[in-house]
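The values are calculated or read from the model by the stated rules, or taken from the named source; none is laboratory data. Bear in mind that the values here come from a model prediction, so they are computed numbers and not experimental data. Counting neighbours? That spans all protein chains shown, and the Cβs are built from the backbone with ideal geometry, glycine included. The protein model used for the area step is the full one, side chains on, heavy atoms only, and it has no ligands, DNA or RNA in it. Shrake-Rupley method; radii C 1.70, N 1.55, O 1.52, S 1.80 Å.
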Amino acid sequence: MSKIGDKIKIHPLYVRIFHWINAVAMVLMIMSGWQIYNASPLFEWLEFPRSLTLGGWLGGGLQFHFAVMWVFVINLLIYFFVSILSGHYRRSMFPVTPMSILRDLGKALRGRLPHDVGHYNSVQKISYIGVIVLMLTVFLSGLAIWKSVQFQTIGLLFGGYEGARLVHFICMSLICAFIVMHLVLVAIVPSTFIPMITGWARKSAPVEKGVDHVA
Amino acid sequence: MLLKRRLAPLMLERTQPILNIERRAFMKQTLSLGALALLTGCDSIEDNTPVDRILKAMSNWNDKAQGAIFDPNKLALTYEQKDVVDPFRFNAFYGEDEVVVVAEADYKLELSGMIADKASWTLAQLRELPQQSQITRHICVEGWSLIGKWGGPSFGDFLRKVGADTTAKYVGFKCADEYFTSLDMATALHPQTTMALTFNDKTIEPRNGFPFKIRVPTKLGFKNPKHVMEIFVTNDYPGGYWENQGYNWFSGA
Ligand code: HEM
């Protein structure tokens, strides 16, 4: 048994590789996506500042989007299937019940949610599950927009071409919300950052007395 | 109104070379972020940067991927008469006041390249061919889409009739407004690809492509050339107006 202070491996290599490739790919996809959005905004009141867009003009934005999408999708699918097969999701993200989420959310709001090294709390679990579902949905709706005739069956799931566009946009917005929350949480508990690179963390005190990682 | 207001800056951006230079400079700034992210050791951000080359290579790869995904028998969804938008939206690389009006009397469709019978065609002759029509969704590269009804001879039947070499790779189009583009042969032969002499059962208006527009429901809008003056069949990549500026060539739907 490992004791407090021992080094333990908390993130497998494939998760770390996925995570950092994904972080870069996601940012490039979002910035080039905003460029494409601006060419024909879905909502009159929303245009993205040019300085936050990638590609310089619509053609450049499309080139980035359609180049990086391969990296984003292949990386995501490898991570997704390996995580299922290896039991990573079963161990790290489940079970997660509505009660446990409410309880952890309550604790978090009171600033008493312990961050137990190597275990995700319910709020983390549900937001990771959520963002993984969102990334899969953004991929599928993207396919339906990219090849609206060849993948029209997928398109119908989203209510056709225009429906898929809207779903794609909503997923992007929620992913952005996740990223903001995710970065805030990492900033509040910076000790989680290095392990996401090296895989190793020092075992902290048990959850009940977890005082050193209170978020 | 709103759409026009939004489109105006886009149009300028595309047609004015001065803005083009600004855009380049801007691209260099934004590209450098991509460069940082995608590769290391990229210090000279010239016109043909490693990032540009990667993007170009990926666009060529996307042409191949789309060619592989393309199912010659898969039909675009069709809609009902009530969904048709008429008058249809005008869209080109110039403003609506600059629309070319081709005179019907002098009009001749020229054929060239790998085609057995290169005799030219008058509009009357084209109208005598068997006609087909479909109500399909026009999807613009910018993202918007509108439903319209286009009718005219099947383009595949036409190509076969004039003895086009259907084993060739490309069919190219030259237009009265100096626009040009090209299709892969498989898409040219797709059953829904139509020489659209009519829009919503009326002769197609100049603003929508008179004398005719090649209506390709399996492609993005800019792959649907208007005011077609010449059609040629070739194995040499013909490119296109937008394609040469960076839009993906295949641009299938
Ligand atoms: C530079 C930006 C980012 C930083 C600094 C960062 C940091 C981290 C850290 C430290 C963890 C581990 C949390 C823990 O052990 O408690 C983590 C996990 C995770 N992050 Fe990020 N992240 C970033 C961007 C993103 C983005 C853009 C996404 C997706 C949209 C994302 C999705 C995830 C997911 C799904 C996990 C859980 C992975 C697993 O265990 O399978 N992250 N991140």
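Tabulated data
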read-out	value
Carbon and sulfur %, accessible surface of segment B:81-245 computed with the full protein complex present, 1.4 Å	51 percent
Rounded accessible area of A:Ile170 (nearest 10 Å², 1.4 Å probe)	80 Å²
Per-pair calculated FRET efficiency, R0 = 45 Å: B:Lys56 and A:Ile129 via Cβ, rounded to 0.05	0.75
Per-residue SASA entry for A:Phe169, accessible area with 1.4 Å probe, Å² rounded to 10	30 Å²
Ranking by accessible area, most exposed first, for A:Met135, A:Met181 with a 1.4 Å probe	A:Met181, A:Met135
Modelled FRET efficiency - R0 25 Å, A:Cys176 with A:Arg90, Cβ distances, 0.05 increments	0.30
Computed accessible area, B:Glu104, all protein chains, 1.4 angstrom probe, square angstrom	90 Å²
Alpha carbon centroid spacing (whole Å) that separates segment A:31-84 from segment B:173-221	29 Å
Gyration tensor verdict on segment B:149-253 (Cα atoms; rounded if a/c is under 1.5, prolate if a/b is larger than b/c, oblate otherwise)	oblate
Accessible area buried at the B-A interface, both sides summed, 1.4 Å probe (Å², nearest 100)	3600 Å²
Relative contact order of chain A, pairs being alpha-carbon contacts under 8 Å that are 6 or more residues apart, as %	29 percent
Descending semi-axes in whole angstrom, ellipsoid equivalent of segment B:81-245, from the Cα gyration tensor	22, 18, 16
Along each principal axis, Cα extent of the protein assembly as shown, largest first, Å	91, 49, 44
Residues A:Met196 and A:Lys3, FRET efficiency given R0 of 35 Å [Cβ-Cβ distance, rounded to 0.05]	0.90
Accessible area, probe 1.4 Å, largest first, for residues B:Trp150, B:Trp121	B:Trp121, B:Trp150
Value of relative contact order over segment A:79-186, rounded to a whole percent, pairs C-alpha under 8 Å and six or more apart	20 percent
Calculated on alpha-carbon atoms, Rg and Dmax of segment A:74-191 in Å	16.8, 51
Magnitude of the charge dipole, chain A, Cβ model with Lys/Arg +1 and Asp/Glu -1, debye to 20	800 debye
Cα gyration tensor shape of segment A:45-105, rounded if a/c is under 1.5, else prolate or oblate by comparing a/b with b/c	oblate
Accessible area of the protein assembly as shown divided out per residue, in Å², using a probe of 1.4 angstrom	48 Å²
Kirkwood Rh and Cα Rg combined as Rg/Rh, segment A:122-200	1.15
Cα-projected label distance for A:Val184 with B:Ala119, points at 7 Å along beta-carbon direction, nm	7.5 nm
Rg/Rg_ref, segment B:133-209, where Rg_ref = 2.2 N^0.38 Å and atoms are Cα	1.16
Segment A:12-29 - phi-based ³J(HN,Hα) in whole Hz, Karplus 6.51/-1.76/1.60, Gly and Pro as x	x, 4, 5, 5, 5, 4, 3, 4, 7, 4, 5, 4, 5, 4, 4, 4, 5, 5
Accessible area in the full protein assembly, largest first, 1.4 Å probe, for A:Trp34, B:Trp61, B:Trp144	B:Trp61, A:Trp34, B:Trp144
Nitroxide proxy distance, nm - points 7 Å out along Cα→Cβ at B:Val101 and B:Lys161	2.9 nm
